[in-house]
Amino acid sequence: QGLEAALELALAQWQYHEELWVRGNDAAKEQVLAAIGLVRHTLMLFGGIVPRKASTHLRDLLTQCEATIASAVSAVTAVYSTKTAMAKLALTEWLVSK
C-alpha cells in the first residue's frame, strides 16, 4: 500500500506541475523533474518489493522523459512529447496492474 500511495502521489504531483508549467509558470519545470525523481526514489526505496528487473522499462522511460524536459524545449513540447506520454502511461499501467 505504501508503494502504491507513493507512486500515486508522485504521478499526481507530476501532472499538477506539468499543468502549471504549460500555463506559463516556469518554476514548475523543476517540480516536474522533482516528481519524476520521486518516482525513481520510490522504486529504489521499495527495491525489496519491486525487483530492479521488473521496473527497468519504466526507469528507462523516466530517463528519456527527464532528458526531454531538461532540454531547452518549450513546456508544451516537453509535456506533450511521446516520451513523456509513454512514461506517464507506463507508470499508470504499472500502478493499475500491480
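Every number here is computed from the coordinates shown, using simple stated rules; none is lab data. Here the structure is a predicted model, which is why all the values come from computation and not from measurement. Here the Cβ positions follow ideal geometry from the backbone for every residue, glycine too, while neighbour counts run over all protein chains shown.
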For this session: Could you grab me the full set of residues in the stretch 54-78 that are within 17 Å of Leu91 (Cβ to Cβ) and exposed (fewer than 12 other Cβ atoms within 10 Å of the Cβ)?
Result: Thr56, Ala67
For this session: Examine the stretch 31-41 for a residue that is without any contact (Cβ under 8 Å) to a residue 12 or more places away in the chain and either farther than 23 Å from Glu4 by Cα or touching a helix residue (DSSP H, G or I) at 6+ places or on another chain (Cβ under 7 Å) (or both), and state whether such a residue exists.
Result: no
Seminar exercise, completed: Considering only helices (runs of 4 or more DSSP H) wholly within the stretch 20-98, the ones with at least 3 residues that are of a type in the set (S, T, N, Q) are 56-70, 82-97
Exercise. Yes or no: Leu11 buried (at least 17 other Cβ atoms within 10 Å of the Cβ) and either touching a helix residue (DSSP H, G or I) at 6+ places or on another chain (Cβ under 7 Å) or in contact (Cβ under 8 Å) with a residue 24 or more places away in the chain (or both)?
Worked result: yes
